[in-house]
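As structure tokens, the structure follows; a few thoughts come after it.
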Amino acid sequence: MNQPIVTTGQHPDEESVRLAEQVAGELGTDFVPRRKRSVRKLMTEFGRPVVVAGKERYEYHTDPEVKPLFFHPGLAAIRIKRLQRGGNDAMVEVCDLGPGDAFLDCTMGLASDSTVASFVIGPSGKVTACEADPMVTYIVGHGLATYSDSPEEVLVAMRRIDVRNARAADFLESCAADSYEIVYLDPMFEEAIEESAAFAPLRSAGVHDLPDDRLFREAVRVARRRVVLKAHFRSELFSRYGFTRIDRANTKFHYGYIEIE
């Protein structure tokens, strides 16, 4: 991995510099003073990705032509509000989630699904989220711990998520059998959705392992109740691994599940 440099925003004060130096130390990489240089110029000059450690958020720049990755709750807050009003959520329904469940998200991304699961499961359950890319893990983990611009119930759900920097198959192999009621798989990059601009920063930054036999074998071993797959409607994974498929009209992603006997 090409280690990023860490810098400040364009007009840093002493606290901004201290924060950026702290982030560089945590990442084991170099702090570079901004000196009014653009991120594009810094990327060209150093030939490395750039982390801008701002007071409000951390941005991870991997490509000057792509917007940076930064943490935001996405649709999680809207989905949680819908649930509070008695509405439904497709992921919650296919996972059959309830209070006290243990949920393993094998493809964390920006943790929107993990946040919704954490809200439904409540304090008596547990949510573990795996992310293979160490920088995505760092940026999203920091966001989950510090983000404040959402309703309290959303923030509480975020704070409960146990973030792990690990490839999903490796983490599953480390788990005992029947460790989680639900093992959730969302290989979002199996087929790119061109119009989904919101995924571009994550697509640029993350590790995009293709699902394989080991992943699904270990998922079935670790799940107590269901293995749930979210994939593109053209995906062959549903039939290849024996998922009961739930087609969703007018959507590009469908769900499937394997019921554990």
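Each reported figure results from applying straightforward, stated rules to the coordinates on display, with no laboratory input. All figures in this text were calculated on a predicted structure; none of them were measured in a lab. Neighbour counts are summed over all protein chains in view; Cβ atoms, including those assigned to glycine, are modelled from backbone coordinates with ideal geometry.
Assuming 1.567 mPa s and 4 °C, estimate D for the stretch 1-55 with Stokes-Einstein, Rh taken as the Kirkwood radius over Cα pairs, in µm²/s. It comes out at roughly 118 µm²/s.
Restricting the chymotrypsin sites (Phe, Trp or Tyr not before Pro) of the stretch 215-251 to loop positions (DSSP other than H, G, I, E, B) with no more than 13 neighbouring Cβ atoms within 10 Å leaves Phe233. For the pair Val17 and Gln84, the difference between a 0.36 nm per residue extended length and the Cα-Cα distance amounts to 20.0 nm.
Using a simple spin-label model with pseudo-atoms 7 Å out from Cα toward Cβ, Ser174 and Arg159 lie 2.5 nm apart.
Of the residues Lys252, Lys126, the one with the fewest other Cβ atoms within 10 Å heads the list, and the complete ranking is Lys252, Lys126. Most mobile of Leu104, Leu144, Leu19 per a Gaussian network model of the chain (Cα springs, under 10 Å)? Result: Leu19 has the largest fluctuation of those listed.
Between Phe233 and Arg40, residue separation times 0.36 nm minus the direct Cα-Cα distance comes to 65.8 nm. Can you spot the lysines whose alpha carbon is less than 27 Å from Lys55's alpha carbon? Ignore those fewer than 8 places along the same chain. List returned: Lys36, Lys41, Lys67. Using a Gaussian network model on the chain with a 10 Å cutoff between Cα atoms, which of Ile139, Ile78, Ile161 fluctuates the most? Result for the chain, Cα springs under 10 Å: Ile78 fluctuates most.
Counting pairs of alpha carbon atoms under 8 Å apart in space and at least six apart in sequence, what relative contact order in percent does the chain give? Provide the component values of the computation, followed by the final result.
Details: 475 pairs, mean separation 38.8, N = 261.
Computed over the chain, the figure is 15 percent.
From the alpha carbon centroid of the stretch 132-151 to that of the stretch 236-260 is 29 Å. Reducing the stretch 165-182 and the stretch 8-35 to their Cα centroids gives an inter-centroid distance of 35 Å. Here the alpha carbons of the stretch 30-78 define both size measures, Rg and Dmax, at 12.6, 41 Å. Over the C-alpha atoms of the stretch 141-183, the Rg to Rh ratio, Rh being the Kirkwood estimate, stands at 1.10. Across the chain, the convex hull enclosing all Cα atoms gives 134 Å³ per residue.
Please report the orientation-averaged projected area of the stretch 207-258, defined via the convex hull of its C-alpha atoms, in nm².
Details: hull surface 16.0 nm².
It is 4.0 nm².
Just checking the listed ones, Ala169, Ala177, Ala111: in the Gaussian network model of the chain with Cα springs under 10 Å, the one fluctuating most is Ala177.
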